[in-house]
Amino acid sequence: MDAESEIQPDPFDFTRHEQIAVAEYLKVFSFYQELAASAKRIADEALKRRSIQVHSIESRAKDPNSFGRKVSKPSKNDPFRPMYLDPLEQITDLAAIRIITFFPRTIELIDAMVKEEFCVIEQFDKGEALLEEERFGYKSVHYLVTLNKVREGLPEYQQFKKAKIEIQVRTILQHAWAEIEHDIQYKSSASIPRDIRRRFMSLAGLLEIADREFQAIQDADRALTERAEDLINEGKLDKVEITPAALKTYLDRRLGPDGRMSEISYDWAVRLLRKLGFTSLDQVDECIRPYDHERLSRIAFGNRQGQVSRFEYMLLAGMGERYIDGHLFAGEEWYTGSGSHRILEAFAEEGIEIGDYDPKLTFPQSSRPE
């Protein structure tokens, strides 16, 4: 019997298959929306409990149009049959959340969180798979999970028992790559023109280097902050650069902690100190050492002000007119007519000796001539 006489199978109706699958999916679409929202809430609360900072958490139920396109894909082994004969069972990313981090190392912390808060069925590192296949692309860790046994027993989660959720974890740079790659919509690396392929590969390398550098910068910043705290505790103020974190540590020791102060408060104070000419905490300490911050605050305002305000009164007393003339707002008419001169007069009337400290003429101890 020749090939032409062989009985050919009826062609599979991919369009009909897609239509039926999408219609069935629409019936349960709201269920997957609720499942994704619940998974996001669980992850968000778990990250906050662990003080893990991330850029964002997104949740979604798979878009019906996207679901339909996936359903209509032919099998890799048999192009005349669909990849998913039972789409609602076989397609596992109907509910998904995506956690986007700032730094690569945070992904390790999130990995521990996912394994504690969910029951992990599968874990897949897309970056490792691409490396093995010698292809370029973005790194992303994917998990297929269900709610853990404890949550499945709670009334509010019982409807989601055994329901599968996809969790994606990537850095913000990896996410940018994924979004742009998706927008360009090349179906495979083989279909990309050579010149564009070369540029894609260069960009992939640059993004990986950038991710590593951001992580290295964060590590260096933490190390410097810890080193500054140690030096302040040891009294080696001349070796400490003036930064918001270092100034907070110093003021907490010198004036007492104040939980009302924000990062903006210390950032402002550092900008002011640099404008006034200070380059080390040793100079700051020398300037304000003679003054009682509690007393200055009560003379100036009648009561105990916040930590940074008390610190500024000490600078005002220690520098006198130099402080007013060198202030960040010195050129503003509203500031020159403000109460700083009145406060200086009040200090003098109460017997406070007004200083004339000029950090520009005073070297930190570590750089003073022998």
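The values are calculated or read from the model by the stated rules, or taken from the named source; none is laboratory data. This one's a predicted model, so the numbers in the text were calculated from it and none came from an experiment. Reconstructed Cβ throughout: ideal geometry from the backbone, glycine too, with neighbour counts over all protein chains shown. Quick note on the areas: whole protein, heavy atoms, side chains included, nothing else; ligands and nucleic acids left out. Shrake-Rupley method; radii C 1.70, N 1.55, O 1.52, S 1.80 Å.
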TODO: Report in % the part of the accessible area of the chain that belongs to carbon and sulfur, leaving out ligands and nucleic acids; probe 1.4 Å.
DONE: 51 percent
Open item on the list: Please compute the contact order of the stretch 281-320 in relative form: average sequence separation of alpha-carbon pairs under 8 Å and at least six residues apart, divided by the residue count, as a percent.
Closed with: 46 percent
Task: Relative contact order %, the stretch 1-124, counting alpha carbon pairs below 8 Å whose residues are six or more apart - done: 31 percent
TODO: Show the residues, 5+ positions off or on another chain, whose built amide H is closer than 5 Å to the amide H of residue 125.
DONE: 142
- [ ] Name the lysines eligible as straight-distance cross-link partners of residue 40: C-alpha to C-alpha under 18 Å, and not fewer than 8 places from it in the same chain.
- [x] 48, 62, 115, 149, 161, 162, 164
Open item on the list: Given Cβ point charges of +1 (Lys, Arg) and -1 (Asp, Glu) and nothing else, what value in debye, to the nearest 20, does the dipole of the chain about its Cα centre take?
Closed with: 520 debye
- [ ] First measure r as the distance between the Cβ atoms of residue 112 and residue 275, then evaluate 1/(1 + (r/R0)^6) with R0 = 45 Å and state the FRET efficiency to the nearest 0.05.
- [x] 0.50
Task: Simple spin-label estimate for residue 285 and residue 12 in nanometres, 7 Å along Cα-Cβ - done: 7.6 nm
Open item on the list: Just to confirm, what accessible area per residue do you get for the chain at 1.4 Å probe, in whole Å²?
Closed with: 60 Å²
Task: Cα-projected label distance for residue 20 with residue 206, points at 7 Å along beta-carbon direction, nm - done: 5.0 nm
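Run through the stretch 199-260 and list the trypsin sites (Lys or Arg not before Pro) located in a DSSP loop whose Cβ has at most 16 other Cβ atoms within 10 Å.
Numbers: sites: 199, 212, 222, 227, 236, 239, 248, 253, 254, 260; in loops: 236, 260.
In loop regions of the stretch 199-260 (DSSP not H, G, I, E or B), the sparsely surrounded trypsin sites (Lys or Arg not before Pro) are 236, 260.
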- [ ] For the chain, find the longest principal axis of its Cα atoms and tell me its angle to the long axis of helix 172-184, 0 to 90°, nearest 10.
- [x] 40 degrees
- [ ] Please work out the FRET efficiency for the pair residue 217 and residue 120, using the Cβ-Cβ distance as r and a Förster radius of 35 Å; give the result to the nearest 0.05.
- [x] 0.65
TODO: At a Cα cut-off below 30 Å, give the lysines reachable from residue 275, other chains included and same-chain residues fewer than 8 away excluded.
DONE: 236, 239, 248, 360
- [ ] Could you check which residue among 62, 164, 275 shows the biggest mean-square fluctuation in a GNM of the chain with a 10 Å Cα cutoff?
- [x] 275
Open item on the list: I want the local charge near residue 50. Using Cβ-Cβ distances under 13 Å, sum +1 for each Lys or Arg and -1 for each Asp or Glu among the other residues.
Closed with: -3
- [ ] Could you tell me which of 169, 299, 80 has its Cα farthest along the dipole of the chain towards the positive end, charges placed at Cβ (Lys, Arg +1; Asp, Glu -1), taken about the Cα centre?
- [x] 80
- [ ] Count neighbours as other Cβ atoms within 10 Å of each site's Cβ, and list the GluC sites (Glu not before Pro) in the stretch 226-327 that are DSSP loop with at most 15 such neighbours.
- [x] 234
Task: Relative contact order of the chain, pairs being alpha-carbon contacts under 8 Å that are 6 or more residues apart, as % - done: 11 percent
Open item on the list: Quick check: residue separation of residue 31 and residue 241 times 0.36 nm, minus the Cα distance between them. What number comes out in nm?
Closed with: 70.1 nm
TODO: May I ask for log10 I(q)/I(0) of the chain at q = 0.07, 0.12 Å⁻¹, from a Debye sum over the Cα atoms as equal point scatterers with solvent left out?
DONE: -0.56, -0.98
